[in-house]
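**Student:** So that we are looking at the same thing, I have put the structure below in structure tokens.
We did not get these values from a lab; they are worked out from the coordinates using the rules stated. A quick note: this is a predicted structure, and the numbers were derived from the prediction, not measured. Using ideal geometry, Cβ is built from the backbone for each residue, glycine included, and neighbour counts are taken over all protein chains shown.
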Protein chains: 2
Amino acid sequence: MSLSEQHVRFDALQQRIEEVLDQWLPPADHNPGRLHESMRYSVLGGGKRVRPLLVYAAAEATGARPERVDGCAAAVELVHVYSLIHDDLPAMDDDDLRRGKPTNHKAFDEATAILAGDALQALAFHILAVDPQLPESAATRIEMIRILAEAAGSRGMAGGQAIDLAATGRSLTLPELEEMHVRKTGALIHASVLMGALGGAERGDARLQALHRFAHDIGLAFQIQDDILDETGDTEQLGKQAGADRALNKPTYPAVIGLDASREEVELLHDRALQALEDFGPEADLLRAVGDWIVQRTH
Amino acid sequence: MSLSEQHVRFDALQQRIEEVLDQWLPPADHNPGRLHESMRYSVLGGGKRVRPLLVYAAAEATGARPERVDGCAAAVELVHVYSLIHDDLPAMDDDDLRRGKPTNHKAFDEATAILAGDALQALAFHILAVDPQLPESAATRIEMIRILAEAAGSRGMAGGQAIDLAATGRSLTLPELEEMHVRKTGALIHASVLMGALGGAERGDARLQALHRFAHDIGLAFQIQDDILDETGDTEQLGKQAGADRALNKPTYPAVIGLDASREEVELLHDRALQALEDFGPEADLLRAVGDWIVQRTH
């Protein structure tokens, strides 16, 4: 896929998910308006939409049309955004800036930010339960819910954030750091690929195994690249405070193994992720392109 | 059902849900241990278990055995406990005492309390997705997930809490107060009855309509009784700070319509709730007993 073709496709899908999210979010003029406004504030109009892109790309790789996984794309993004809102709270990372604008609790207040996150998580599961366009098989729908719940919970994203908080100011071994990353970011990236893949493949389909391997490697590569960018990027481009992790004395790949070794690790994981897709034809080109973008992005 | 029989049955079911919750909660010695410990701290060993009792009682009313709805009972209690943990945070109600012991953020810390709540919500949906004992029909399972997600979200519990926060220090009209209560507490009470009922009834079953009416009235009665107890109970018996609502200048039924009228309203709702069950025989005796207990309890 050429870069310009990739640009056009990403653009179209990013617009698509924006509309899907807009439709699922409660209107700001419905009671309680301030809560709904705050949910919409953090979800709409920003973000790279990496997880929805992975959902759509994995669906395409298994031959499913995007409308079959609109609900999955929305659900993973809502879980991601809720985690950002909570992670930014004063009791957690205490960040003022996110996606280039004030964080939710700065724009609203802490109580509203906590509740907005809570309500977004519930909305994610609500969508998976009711979206009429998801695959007809109720068993597939339940499998999607299982994957998302596991990725979001204490053995996934929430657990990863807890490990992260506990590790701040301490030094981690490489396996500990990897475990933290695999849970904190990897779990939801992984879930995005698997949920999208269920758009066109049923449980037991051999393609799911290959996509599972792709998802694991690209998820870890994503987080290492994030660590690298926190070290080398600038605040304006990142849309959040550059060097924030270092300032908080958080364990990162560059801090533990150095910048060069971190970059090599990203390359290695990227290669391995692409190899996992070797039995796929052009139907996985979009997924390959999202993988490329994840490791080559500069913000 | 005699009072002693009621006591024996409640006791057995409260022990049952304690064991069910214990089995679903991640062990405290699994990483991240502090997070898991904090989840277990708030969930286990306390609480009246009103919502699980309603689940089991509604299941019995539709002829289902308790193991069919163990997962539902656990899920509603986990959502309830997560909401207590978040509501108690300094940015929300700022409570130090809950169920007779320090609140989660006092016993651990704010970040852990936020994450514990988040992870408990995810666990609730995880259980509904994977518990092998739930009704075999995948459609019924999805209906349970839909009901819980709707009850937990911005149109249910989280929305009710947002309305509550926005109303603190303001005076509400009776309809506004009712809407707040119906969402904040009523939605999950309602969900508990409906999810339990799905243990033995499929969508479209006429009994669900009657249980729906019972659930609405008993849910509102529950919250008004809570308001009354906050006004008249003592801290030791309540296990939380008595008069806390008044101190925070929160709108309550006694504040808006007075204590006597509040008690009459509870009676009225209780009578109506029991009428909704008039077509049921002894299979609904447990549900009637839970209804009685909800309005007659002193803590």
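**Student:** Excluding same-chain residues fewer than 8 positions from B:Lys250, which lysines have a Cα within less than 22 Å of its Cα?
**Tutor:** Filter leaves B:Lys184, B:Lys240.
**Student:** Next question, about the same structure. Give the aspartates and glutamates whose C-alpha is closer than 13 Å to that of A:Lys101, dropping any in the same chain fewer than 8 places away, or say none.
**Tutor:** Those aspartates and glutamates meeting the cut-off are A:Asp88, A:Glu236.
**Student:** Where the centroid of each part is defined by its Cα atoms, how far is segment A:180-221 from segment B:129-190 in Å?
**Tutor:** One Cα centre to the other: 32 Å.
**Student:** Separate question: Can you list the HN-Hα couplings for segment B:249-255, worked out from phi with the Karplus curve (6.51, -1.76, 1.60; θ = phi - 60°), rounded to whole Hz and with x for Gly and Pro?
**Tutor:** Along segment B:249-255, the couplings run 6, 8, x, 9, 4, x, 5 Hz.
**Student:** Any idea how far apart B:Ala12 and B:Arg65 come out in nm if each label point goes 7 Å out from Cα toward Cβ?
**Tutor:** 1.4 nm
**Student:** Okay, next question. Any idea what diffusion coefficient segment B:114-233 gets from Stokes-Einstein, in µm²/s, Kirkwood Rh on alpha carbon pairs, 25 °C, 0.890 mPa s?
**Tutor:** D, rounded to a whole number, is 157 µm²/s.
**Student:** In the calculated pair distance distribution of the protein assembly as shown, what percentage of Cα-Cα distances lie above 41 Å? Could you put the intermediate results ahead of the total?
**Tutor:** On the way: 41808 of 178503 pairs.
For the protein assembly as shown, the share of Cα pairs beyond 41 Å comes to 23 percent.
**Student:** I need B:Val266, B:Val76, A:Val182 ordered by Cβ neighbour count within 10 Å, fewest first.
**Tutor:** Numbers: B:Val266 22, B:Val76 32, A:Val182 18.
So the residues, fewest neighbours to most, are A:Val182, B:Val266, B:Val76.
**Student:** Using a 7 Å offset from Cα along Cα-Cβ at B:Arg99, what residues in segment B:45-69 end up with backbone N under 15 Å from the label point?
**Tutor:** In segment B:45-69, the label zone of B:Arg99 (backbone N under 15 Å from the point 7 Å along Cα→Cβ) covers B:45-53.
**Student:** Counting alpha carbon pairs within less than 8 Å and at least 6 residues apart, what relative contact order, in whole percent, applies to segment B:3-296?
**Tutor:** On the way: 440 pairs, mean separation 63.4, N = 294.
For segment B:3-296, the relative contact order is 22 percent.
**Student:** With r as the distance between the Cβ atoms of B:Arg213 and A:Ala28 and R0 = 35 Å, compute the FRET efficiency 1/(1 + (r/R0)^6) and round to 0.05.
**Tutor:** 0.60
**Student:** Please return the longest range in chain A lying between exposed loop sites, taking GluC sites (Glu not before Pro), DSSP loop only, at most 14 other beta-carbon atoms within 10 Å, and leaving the sites out. Each step should come with its number before you reach the end.
**Tutor:** Numbers: sites that count: A:Glu136, A:Glu202, A:Glu278.
Maximal segment without exposed cleavage sites: A:1-135.
**Student:** Residues with beta-carbon under 12 Å from that of A:Phe10, excluding A:Phe10: net charge, scoring Lys, Arg +1 and Asp, Glu -1?
**Tutor:** Details: positive: A:Arg9, A:Arg16, A:Lys48, A:Arg49, A:Arg297; negative: A:Glu5, A:Asp11, A:Asp292.
With Lys, Arg at +1 and Asp, Glu at -1, the net is +2.
**Student:** Once phi is turned into ³J(HN,Hα) by the Karplus curve 6.51 cos²θ - 1.76 cosθ + 1.60 with θ = phi - 60°, what whole-Hz value does each residue of segment B:205-213 show in order, with x for glycine and proline?
**Tutor:** 4, 4, 4, 5, 4, 5, 5, 4, 5
**Student:** Put +1 on the Cβ of each Lys and Arg and -1 on the Cβ of each Asp and Glu in segment B:137-241; which of B:Ile228, B:Ile142, B:Gly196 then has its Cα farthest toward the positive end of the dipole?
**Tutor:** Of the options given, the answer is B:Ile142.
**Student:** Continuing with the same structure: What share of all Cα pairs of segment B:143-299, in percent, falls into each consecutive 5 Å distance bin?
**Tutor:** 2, 9, 17, 21, 20, 16, 9, 5, 2, 0
**Student:** Treat the count of other C-beta atoms within 10 Å as a stand-in for reagent exposure and order A:Tyr82, B:Tyr41, A:Tyr56 from fewest to most. Can you show the working numbers first?
**Tutor:** On the way: A:Tyr82 28, B:Tyr41 20, A:Tyr56 32.
Starting with the residue having the fewest Cβ neighbours, the order is B:Tyr41, A:Tyr82, A:Tyr56.
**Student:** If the viscosity is 1.002 mPa s and the temperature 20 °C, what translational diffusion coefficient in µm²/s does Stokes-Einstein give for chain A when Rh comes from Kirkwood over Cα pairs? Mind dumping the intermediate values first?
**Tutor:** Values: Rh = 19.3 Å.
Answer, rounded: 111 µm²/s.
**Student:** Running a GNM on chain B with Cα contacts under 10 Å, which residue among B:Leu277, B:Leu211, B:Leu148 ends up with the highest mean-square fluctuation?
**Tutor:** Answer for the Gaussian network model of chain B: B:Leu277.
**Student:** Here is a further query. Just how large is the dipole of segment A:47-171 about the Cα centre, in debye to the nearest 20, putting +1 at every Lys and Arg Cβ and -1 at every Asp and Glu Cβ? Intermediate results must be reported in sequence, preceding the final value.
**Tutor:** Values: 13 positive and 18 negative charges, 67 e Å.
Computed charge dipole of segment A:47-171: roughly 320 debye.
**Student:** Using +1 on the beta carbon of Lys and Arg, -1 on that of Asp and Glu, and nothing else charged, what's the dipole of segment A:3-296 about the Cα centre, debye to 20?
**Tutor:** Numbers: 28 positive and 48 negative charges, 105 e Å.
So the dipole magnitude of segment A:3-296 works out to roughly 500 debye.
**Student:** Would you work out which of B:Gly291, A:Asn31, B:Ala206 lies farthest towards the positive end of the dipole of the protein assembly as shown, given +1 charges on the beta-carbon of Lys and Arg and -1 on that of Asp and Glu, about the Cα centre?
**Tutor:** B:Ala206
**Student:** Non-local amide H neighbours of B:Arg98 (under 5 Å, H modeled in plane, Pro and chain starts lacking H): which ones?
**Tutor:** B:Thr103
**Student:** Through the Karplus equation 6.51 cos²θ - 1.76 cosθ + 1.60, θ set to phi - 60°, convert the phi angles of segment B:60-72 into ³J(HN,Hα) values in whole Hz; use x for Gly and Pro.
**Tutor:** Once rounded to whole Hz, the list reads 4, 5, 9, x, 9, 6, x, 5, 5, 10, 3, x, 5.
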